[in-house]
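The values are calculated or read from the model by the stated rules, or taken from the named source; none is laboratory data. Small disclaimer: the values here were computed from a predicted structure and weren't measured. Cβ placement follows ideal geometry from the backbone for every residue including glycine, while neighbour counts extend to all protein chains displayed.
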Amino acid sequence: NGARIRLAPQKDWAGNEPERLARVLGVLEPIAAESGASIADVIVLAGNMGVEQAAKAAGFAVEVPFAPGRGDATDEMTDAESFAPLEPLADGYRNWLKKEYVVKPEELMLDRTQLMGLTAPEMTVLVGGMRALGANYGGTKHGVLTDREGQLTNDFFVNLTDMAYTWTPADDNLYEIRDRKSGELKWTATRIDLVFGSNSILRAYAEVYAQDDNQEKFVKDFVAAWTKVMNADRFDLA
């Protein structure tokens, strides 16, 4: 709400991928101007449509709830200097870490999760879905454990929990996922990805979503968690 991501300083933050952001806003802002909708609403609606298309590609017809009514902030409403402490250091949902910190990447993800008011199951399904969509920072392939990138599948959890693969440390925060028998490199992943297989609580959620008969549940739960985030600051809807 406010679409401040298009204003300084947020539009220039490294975590928001300024060049990519400018290209996307270049498409969405004219749509907002032509339709009379706020840019904030158009941003959310575009994301919703992307989720619906990805779910359809995976074989599931879903409608992502959309509640219009967001407004757009202006530069005059924004004290740019006061926003500096809000600049993100990491975004586990997009597999991004600004630099190495004393705090572990998965712990930074937990901090962001609690700030957004999400539960452990919601965090789990969102990360799995974002990896399936290929929504990583900079288009990296770490954690994209699927051959069907762009489709809202549960492949992340299926392959994460598959005992046919072994995880081997490759670099700081990076792992190689290899075929246990042949040694063939299949994917790469980060600590953030693999915590869903190594932490006992998150592993339990991952195994639920990995089940063959829970693909539809995965899609529905992802849509619900996605919508919760999109409406997180919509106090008028409470």
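Summary of computed values
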{"item": "Residue match in region 163-173 (condition: touching a Pro at 6+ places or on another chain (Cβ under 9 Å), surrounded by fewer than 21 Cβ atoms within 10 Å (Cβ to Cβ) and of a type in the set (Val, Ile, Thr))", "result": "no"}
{"item": "Residues of region 61-88 classified as surrounded by 13 or more Cβ atoms within 10 Å (Cβ to Cβ), more than 23 Å from Asn48 (Cα to Cα) and either free of Cβ contacts under 8 Å to residues at least 40 places away in the same chain or among the aromatic types (Phe, Trp, Tyr) (or both), total", "result": "1"}
{"item": "First in region 44-57 and under 14 Å from Gly134 (Cβ atoms), second anywhere and aliphatic (A, V, I, L, M), Cβ under 6 Å, 6 or more apart", "result": "Val51/Val64; Ala54/Leu133; Ala54/Leu152"}
{"item": "Qualifying residues in region 41-74 (those that are among the small types (Gly, Ala, Ser) and touching a Gly at 6+ places or on another chain (Cβ under 7 Å)) - the one farthest from Lys220 (Cα to Cα)", "result": "Ala73"}
{"item": "Positions within region 209-238 being touching a helix residue (DSSP H, G or I) at 6+ places or on another chain (Cβ under 7 Å) and crowded, with 18+ Cβ neighbours inside 10 Å, in sequence order", "result": "Tyr209, Ala210, Phe218, Val219, Asp221, Phe222, Val223, Ala225, Trp226, Met230, Asn231"}
{"item": "Tally, over region 107-145, of residues that are under 27 Å from Leu185 (Cβ atoms), surrounded by 20 or more Cβ atoms within 10 Å (Cβ to Cβ) and of a type in the set (D, E, K, R)", "result": "1"}
{"item": "Test: residue in region 61-84 that is of a type in the set (Phe, Trp, Tyr) and under 21 Å from Gln10 (Cβ atoms)", "result": "yes"}
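A quick yes/no check of all residues on (1) outside the structural domain of Leu21 (by TED's automatic domain parsing); (2) farther than 17 Å from Val195 by Cα; (3) not in a loop (DSSP other than H, G, I, E, B):
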| residue | (1), (2), (3) |
| --- | --- |
| Ser82 | no, yes, yes |
| Val103 | yes, no, no |
| Glu106 | yes, no, yes |
| Leu110 | yes, no, yes |
| Glu122 | yes, no, yes |
| Val125 | yes, no, yes |
| Ala132 | yes, no, yes |
| Gly138 | yes, yes, yes |
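This table checks each residue for (1) of a type in the set (Ser, Thr, Tyr); (2) within 18 Å of the chain's Cα centre (by Cα); (3) under 19 Å from Tyr209 (Cα atoms).
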| site | (1), (2), (3) |
| --- | --- |
| Ser82 | yes, no, no |
| Pro85 | no, no, no |
| Tyr101 | yes, no, no |
| Met109 | no, yes, no |
| Gly117 | no, yes, no |
| Gly129 | no, yes, yes |
| Val144 | no, yes, yes |
